[in-house]
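The values are calculated or read from the model by the stated rules, or taken from the named source; none is laboratory data. Just so you know, these numbers come straight off a predicted model, no measurement behind them. Heads up, the Cβs are rebuilt from the backbone with ideal geometry, glycines too, and the neighbour counts pull from every protein chain shown.
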Amino acid sequence: MAMAVAGPGSGPRSDINMTPLIDVLLVLLIIFMIVAPSKPKGLEALVPQPNPNQQVVQENIRTVVILVSPGNQISVNQDPVDKRLLGQRLEEIFKTRAERVVFVKGDSSLNFVDVAEVIDIAKGAGIDKIGLITAKIEAGQ
């Protein structure tokens, strides 16, 4: 504990002794660390299971790949598309789809500016997620 000793001739002093306050603070800190849950736990819920007697109808979900070839030739799923009409074509493809995901595959000899323009057009058409396909990804590495 801290103690102030007054010399002769000095009057009464009123200093706050900080040691007990720090002790209280440390005790409160330890209490809150113990009481606070270390891992949050959500509510338990049962996920609905599919009916085993009912046949599962799978939607024909096709991945949309935009290929940018040398000479700035663009194709959507191997259908050639003019760069000026790419936004309209993408809007047409995704107007009935819930997930708006596109993959862009650019030739390695192209500048990234050409690929970035296609990405910008796709973002303008309302595509949420755009992925890039590289040679390593395509080879499965």
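For every residue, the table says whether it meets (1) surrounded by fewer than 14 Cβ atoms within 10 Å (Cβ to Cβ); (2) modelled with pLDDT of 90 or more; (3) of a type in the set (S, T, N, Q); (4) under 25 Å from the mean Cα position of the chain (by Cα).
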{"residue": "Leu86", "(1), (2), (3), (4)": "no, no, no, no"}
{"residue": "Leu90", "(1), (2), (3), (4)": "no, no, no, yes"}
{"residue": "Ala98", "(1), (2), (3), (4)": "yes, no, no, yes"}
{"residue": "Asp107", "(1), (2), (3), (4)": "no, no, no, no"}
{"residue": "Asp114", "(1), (2), (3), (4)": "no, no, no, no"}
{"residue": "Asp120", "(1), (2), (3), (4)": "yes, yes, no, yes"}
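List pairs: first residue in region 121-141 and over 21 Å from Ser69 (Cβ atoms), second residue outside any helix (DSSP H, G or I) anywhere in the structure, Cβ distance under 6 angstrom, at least six positions apart or on different chains.
Asp128/Arg100; Lys129/Val101
Mind telling me which of the residues Ile121, Ile127, Ile137 ends up being among the β-branched types (Val, Ile, Thr) and in contact with a strand residue (DSSP E or B) (Cβ under 8 Å, 6 or more places away or on another chain)? Steps first, answer last, please.
Values: Ile121 fails: in contact with a strand residue (DSSP E or B) (Cβ under 8 Å, 6 or more places away or on another chain); Ile137 fails: in contact with a strand residue (DSSP E or B) (Cβ under 8 Å, 6 or more places away or on another chain).
Answer to the selection: Ile127.
Pairs only if they're at least six apart or on different chains, beta carbon under 9 angstrom, first in region 4-19 and loosely packed, with under 10 Cβ neighbours inside 10 Å, second modelled with pLDDT of 65 or more; list them, first residue then second.
Ala4/Arg13; Ala4/Asp15; Ala4/Asn17; Ala6/Pro12; Ala6/Arg13
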